[in-house]
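Asks: Quick one: structure below, then a few questions.
The values are calculated or read from the model by the stated rules, or taken from the named source; none is laboratory data. Here the structure is a predicted model, which means the values were calculated and not measured. Cβ sites come from the backbone with ideal geometry, for glycine too, and all protein chains shown count toward neighbours.
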Amino acid sequence: MKSFPSVRATVAGSKPAILGGPPAITDEPGDLFDWPIVTDEDIAAVTDVLRNRSMSGTDITKEFEREWAAYNGTAYALGCCNGTAALLAAMWACGVGAGDEIICPGLTYWASAVPALHLGATVHFADIDRETLCIDPNDIEHRISARTRCIVVVHYTGYPADMDAIMAIANRHGVKVIEDNSHAHGSLDKGRMTGTLGHIAAMSMMSGKGFAIGEAGMIVTNDRALYERCIAFGHYERTGLPSNYNVADAQVTDPGLRRFAGAPLGGCKHRMNQTCAAMGRVQLRHFPARVREIQAAMGRFWDLLSDVPGIRPHRPSHPDSSTGACYIARGLYRAEELGGLPCDAFCAAVRAEGFPCGPGGNKPLYTHPLFHEADIFHQGKPTVLAFGQRDVRQQAGSLPVTDSIESIAFSAPWFKHDRAEAIRAYAEAFRKVAEQADAIKARRA
């Protein structure tokens with residue numbers, strides 16, 4: 001990765017803003033962080049759908065699916081109304097049902113796990129790795145039981161999880177791996193696209209994600225059986241339908257699924273709105289170039305801080321791995337290198353420099369009352385136990401790395417454009433604070 005000159009000369013002796021010095025960031029960011037990048041091309045594509053009144057059709061969505069599958073290098077892609085629907089369908093396709101278990105990282109957004117409860121299953125949460133912030137392969141295998149149907153892997157903030165180790169575990173035990181690729185559009189794991197390494201992947205494409213086209217989601221897989229099960233679960237119009245539908249649209253060949261044609265087995269409609277699909281086709285044409293620019297900008301920022309103690313880039317070290325378009329970019333914090341300055345105090349000092357830095361990431365999910373107390377189906381007992389599951393609930397403190405997230409990670413700038421001078425100012429903000437951590441700590445005493 002290309003290196004850039006240090007900003008040490010710029011900040012030597014400069015007092016942190018929280019101690020009365022001038023802030024490092026004084027210019028407005030402009031469009032430095034704006035995302036998605038929306039052009040007249042996007043607007044024209046969406047407007048055409050509206051004018052043609054084809055929002056609920058499938059023709060444009062199918063084109064987008066073919067293009068998305070080609071970009072990812074998978075045989076199949078299936079557009080959904082959102083990422084949560086995609087994850088729900090993927091879980092059902094993998095055989096998750098009443099009384100079953102899934103394994104999921106304790107640090108993630110709720111959509112990675114909650115759909116399992118609506119299938120009558122329970123969630124066995126595993127700890128995360130301190131460097132990757134992704135599920136720790138060393139904390140998976142002992143959680144597998146005869147009822148485990150799948151492992152949900154989240155490539156957290158775009159960082160590729162250790163898929164080689166995870167797939168080896170899954171294959172040993174005959175369980176499926178679902179990649180939640182919602183954070184990792186365009187990310188690479190040793191040259192391989194994340195979302196293509198497990199049995200099936202589901203992802204959000206909502207506004208704000210690395211690939212953002214509105215409220216939309218996508219499923220990708222190389223397994224025809226899983227693909228057809230996802231169609232049958234939520235895409236009733238593609239299953240070989242009654243005469244009032246286009247029978248030529250039938251995409252389900254499994255006789256066991258076709259006998260239910262015309263109604264979704266999941267009892268809900270998962271079709272992607274074609275305004276999103278139209279925007280997705282435009283975005284995809286520009287996406288590889290935009291990912292390259294994001295990676296260049298993030299690389300510039302972290303290279304400028306490569307000699308600063310206490311903070312680390314949350315990015316893979318393998319030369320053929322990357323965080324793609326990123327999402328909620330994070331840095332790693334090591335208080336012991338900064339005289340014990342707490343992460344929240346470090347972040348407060350960076351905020352004074354002009355960047356809205358905060359400690360941590362998602363809150364630990366495994367302690368949420370939904371996974372301990374909620375009686376979703378009104379059965380008089382928590383749903384996580386209602387179908388004869390073993391009790392895998394865990395109390396706070398059970399997943400020590402997950403629980404420590406607010407002391408080991410912080411929010412970093414998620415640049416969308418590689419603008420050297422602007423990025424230099426943000427790097428200066430972090431450097432000033434880290435290099436004068438002792439003075440900041442003394443002020444707090």
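Asks: Can you find, within region 180-239, the residue that is nearest to I102 (Cα to Cα) among those that are in a loop (DSSP other than H, G, I, E, B) and of a type in the set (D, E, K, R)?
Replies: D223
Asks: Being of a type outside the set (S, T, Y) and either assigned to a strand (DSSP E or B) or buried (at least 24 other Cβ atoms within 10 Å of the Cβ) (or both) is the filter here, so list the residues in region 140-162 that pass it.
Replies: R149, C150, I151, V152, V153, V154, H155, G158, P160, A161
Asks: Among the residues of region 89-105, which ones are of a type in the set (A, V, I, L, M, F, W, C), touching a strand residue (DSSP E or B) at 6+ places or on another chain (Cβ under 9 Å) and within 13 Å of T122 (Cα to Cα)?
Replies: M91, V96, I102, I103, C104, listed by residue number.
Asks: Same structure, new question: Output the qualifying pairs, or none if there are none: Cβ atoms under 8 angstrom, residues six or more apart or on different chains, first residue in region 167-194 and over 18 Å from L87 (Cα atoms) and in the same structural domain as I135 (by TED's automatic domain parsing), second residue assigned to a loop (DSSP other than H, G, I, E, B) and aliphatic (A, V, I, L, M).
Replies: Hits for this filter: M167/L197; I169/I140; I169/I144; H173/I144; G186/A325; S187/A325; D189/A161; D189/L197.
Asks: With the condition kept exactly as written, say whether any residue in region 228-249 is at pLDDT 95 or above and at positive phi.
Replies: no
Asks: Mind telling me which of the residues A434, A427, A409 ends up being buried (at least 23 other Cβ atoms within 10 Å of the Cβ), in contact with a strand residue (DSSP E or B) (Cβ under 8 Å, 6 or more places away or on another chain) and closer than 30 Å to G208 by Cα?
Replies: None of the others qualify; the one that does is A409.
Asks: Could you please find all residues in region 13-46 being among the polar types (S, T, N, Q) and surrounded by 13 or more Cβ atoms within 10 Å (Cβ to Cβ)?
Replies: The one that is among the polar types (S, T, N, Q) and surrounded by 13 or more Cβ atoms within 10 Å (Cβ to Cβ): S14.
Asks: Could you go through region 290-298 and let me know if any residue there is closer than 30 Å to I423 by Cβ, buried (at least 19 other Cβ atoms within 10 Å of the Cβ), of a type in the set (S, T, N, Q) and modelled with pLDDT of 95 or more.
Replies: Among the residues of region 290-298, at least one is closer than 30 Å to I423 by Cβ, buried (at least 19 other Cβ atoms within 10 Å of the Cβ), of a type in the set (S, T, N, Q) and modelled with pLDDT of 95 or more, which makes the answer yes.
Asks: Right, something else. Please work out which one of (1) assigned to a helix (DSSP H, G or I); (2) closer than 17 Å to P23 by Cα is the condition K441 fails and give its number.
Replies: That leaves (2) as the condition not met.
Asks: Return yes when Y76 is surrounded by 20 or more Cβ atoms within 10 Å (Cβ to Cβ), closer than 24 Å to V291 by Cβ and among the hydroxyl-bearing types (S, T, Y) and no when it is not.
Replies: Against the criterion (surrounded by 20 or more Cβ atoms within 10 Å (Cβ to Cβ), closer than 24 Å to V291 by Cβ and among the hydroxyl-bearing types (S, T, Y)), Y76 qualifies.
Asks: Let me ask you something else. Hey, does region 119-136 have a residue that's surrounded by fewer than 21 Cβ atoms within 10 Å (Cβ to Cβ), without any contact (Cβ under 8 Å) to a residue 12 or more places away in the chain and of a type in the set (G, A, S)?
Replies: No, region 119-136 contains no residue that is surrounded by fewer than 21 Cβ atoms within 10 Å (Cβ to Cβ), without any contact (Cβ under 8 Å) to a residue 12 or more places away in the chain and of a type in the set (G, A, S).
Asks: In this structure, does E428 turn out to be assigned to a helix (DSSP H, G or I), without any contact (Cβ under 8 Å) to a residue 40 or more places away in the chain and either of a type outside the set (G, A, S) or touching a helix residue (DSSP H, G or I) at 6+ places or on another chain (Cβ under 7 Å) (or both)?
Replies: So E428 does not fit the description; no.
Asks: In this structure, does E63 turn out to be farther than 24 Å from V282 by Cα, among the acidic types (D, E) and either in contact with a Ser or Thr (Cβ under 6 Å, 6 or more places away or on another chain) or at pLDDT 95 or above (or both)?
Replies: So E63 fails the test.
Asks: Being part of a strand (DSSP E or B) and farther than 19 Å from V152 by Cβ is the filter here, so list the residues in region 78-89 that pass it.
Replies: Within region 78-89, G79 is the sole residue that qualifies.
Asks: When you scan region 181-198, how many residues do you find that are more than 12 Å from the chain's Cα centre (by Cα) and buried (at least 22 other Cβ atoms within 10 Å of the Cβ)?
Replies: Here the count works out to 2.
Asks: So, L341, is that one in a strand (DSSP E or B), in the same structural domain as A412 (by TED's automatic domain parsing), modelled with pLDDT of 95 or more and within 21 Å of G360 (Cβ to Cβ) or not?
Replies: No, not satisfied.
Asks: Given the condition outside the structural domain of N72 (by TED's automatic domain parsing) and touching a helix residue (DSSP H, G or I) at 6+ places or on another chain (Cβ under 7 Å), answer yes or no: does some residue in region 263-277 qualify?
Replies: Looking through region 263-277, none of the residues is outside the structural domain of N72 (by TED's automatic domain parsing) and touching a helix residue (DSSP H, G or I) at 6+ places or on another chain (Cβ under 7 Å).
Asks: Identify the residue in region 325-338 that is in a helix (DSSP H, G or I) and of a type in the set (D, E, K, R) and, among all such residues, is surrounded by the most Cβ atoms within 10 Å (Cβ to Cβ).
Replies: E337
Asks: Further question: Outside the structural domain of M203 (by TED's automatic domain parsing) and closer than 30 Å to V308 by Cβ: does that describe L19?
Replies: Taking the combined requirement at face value, the residue satisfies it.
Asks: If you scan region 49-74, which residues turn out to be among the acidic types (D, E) and touching a helix residue (DSSP H, G or I) at 6+ places or on another chain (Cβ under 7 Å)?
Replies: E63, E67 - these are the residues of region 49-74 that are among the acidic types (D, E) and touching a helix residue (DSSP H, G or I) at 6+ places or on another chain (Cβ under 7 Å).
Asks: Scan (1) within 22 Å of S321 (Cβ to Cβ); (2) part of a loop (DSSP other than H, G, I, E, B) for the single condition A165 breaks and write down its number.
Replies: With (1) within 22 Å of S321 (Cβ to Cβ); (2) part of a loop (DSSP other than H, G, I, E, B) applied to A165, the lone miss is (2).
Asks: Tell me yes or no: at least one residue of region 30-40 is in contact with a helix residue (DSSP H, G or I) (Cβ under 9 Å, 6 or more places away or on another chain) and over 21 Å from V282 (Cβ atoms).
Replies: Yes, that holds for at least one residue.
Asks: Something else now. Please go through region 172-227 and pick out each residue that is of a type in the set (D, E, K, R) and at negative phi.
Replies: Within region 172-227, R172, K176, E179, D180, D189, R192, K209, E215, D223, R224 qualify.
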